[in-house]
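In what follows, a structure is listed as structure tokens, so that the remarks can point back to it.
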Amino acid sequence: MDSTIEFLKAMGEENRLRILILLEQAGELSVADMSEILDIAQPKVSRHLARLRLSGWVKERRWQGFAMYRVYAEQSTPHREYLVRLAETLESDPVVAADMQRLLALLSTKTPME
């Protein structure tokens, strides 16, 4: 039960939830990408990612000097299912919809990574 409470607490802040929804949709993003999409300073994004990483929501990998983040919760876990359903519920929210528009615009200018 403690891990579930930590998972929920970590996503219980608007910007962290926005980050999780972005990562769920994009698969993997850098701090710079998230900062641009969310219009939040990079240090603030990094602090949110640190909390999400400590709670088990995200995983970091290094790629050509960049820290790349992705949702780490397994596809079949109740936590991941909850995130997917929450993202579906919020897709018509103006803030989330704007984030998705900026994500699509950013992804259309990027080349695929390893």
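Worth pointing out:
- Within segment 13-31, considering residues that are in a helix (DSSP H, G or I) and of a type in the set (A, V, I, L, M, F, W, C), the one modelled with the lowest pLDDT: Ala26
- Hey, Ile40 touching a residue at least 12 places away in the same chain (Cβ under 8 Å), at negative phi and assigned to a loop (DSSP other than H, G, I, E, B) or not: yes
- Listed by first and then second residue, the pairs linking a residue in segment 15-27 that is touching a residue at least 12 places away in the same chain (Cβ under 8 Å) to a residue that is open to solvent by 30 Å² or more (accessible area, probe 1.4 Å) and outside any helix (DSSP H, G or I), with Cβ atoms under 6 Å apart and 6 or more places separating them unless they lie on different chains, are Leu23/Arg70.
Yes/no per residue for (1) in a loop (DSSP other than H, G, I, E, B); (2) closer than 19 Å to Lys9 by Cβ; (3) in contact with a strand residue (DSSP E or B) (Cβ under 7 Å, 6 or more places away or on another chain); (4) basic (Lys, Arg):
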{"site": "Asp33", "(1), (2), (3), (4)": "no, no, no, no"}
{"site": "Leu52", "(1), (2), (3), (4)": "no, yes, yes, no"}
{"site": "Ala67", "(1), (2), (3), (4)": "no, no, yes, no"}
{"site": "His79", "(1), (2), (3), (4)": "no, yes, no, no"}
{"site": "Tyr82", "(1), (2), (3), (4)": "no, yes, no, no"}
{"site": "Leu86", "(1), (2), (3), (4)": "no, yes, no, no"}
{"site": "Ala105", "(1), (2), (3), (4)": "no, no, no, no"}
{"site": "Ser108", "(1), (2), (3), (4)": "no, no, no, no"}
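- Among the residues of segment 61-84, the ones that are surrounded by 14 or more Cβ atoms within 10 Å (Cβ to Cβ) and of a type in the set (D, E, K, R) come to 2 in all.
- Pairing residues of segment 78-93 that are of a type in the set (Lys, Arg) with residues that are part of a helix (DSSP H, G or I) and open to solvent by less than 100 Å² (accessible area, probe 1.4 Å), at Cβ distances under 9 Å and at least 6 apart in sequence or on separate chains, gives Arg80/Glu24.
- Test for Trp57: is it aromatic (Phe, Trp, Tyr) and either open to solvent by less than 30 Å² (accessible area, probe 1.4 Å) or free of Cβ contacts under 8 Å to residues at least 12 places away in the same chain (or both): yes
The values are calculated or read from the model by the stated rules, or taken from the named source; none is laboratory data. Not measured: the values here are computed from a predicted model. We place every Cβ from the backbone using ideal geometry, glycine too, and count neighbours over all the protein chains shown. With ligands, DNA and RNA removed, areas are computed over all heavy atoms of the protein, side chains included. Shrake-Rupley method; radii C 1.70, N 1.55, O 1.52, S 1.80 Å.
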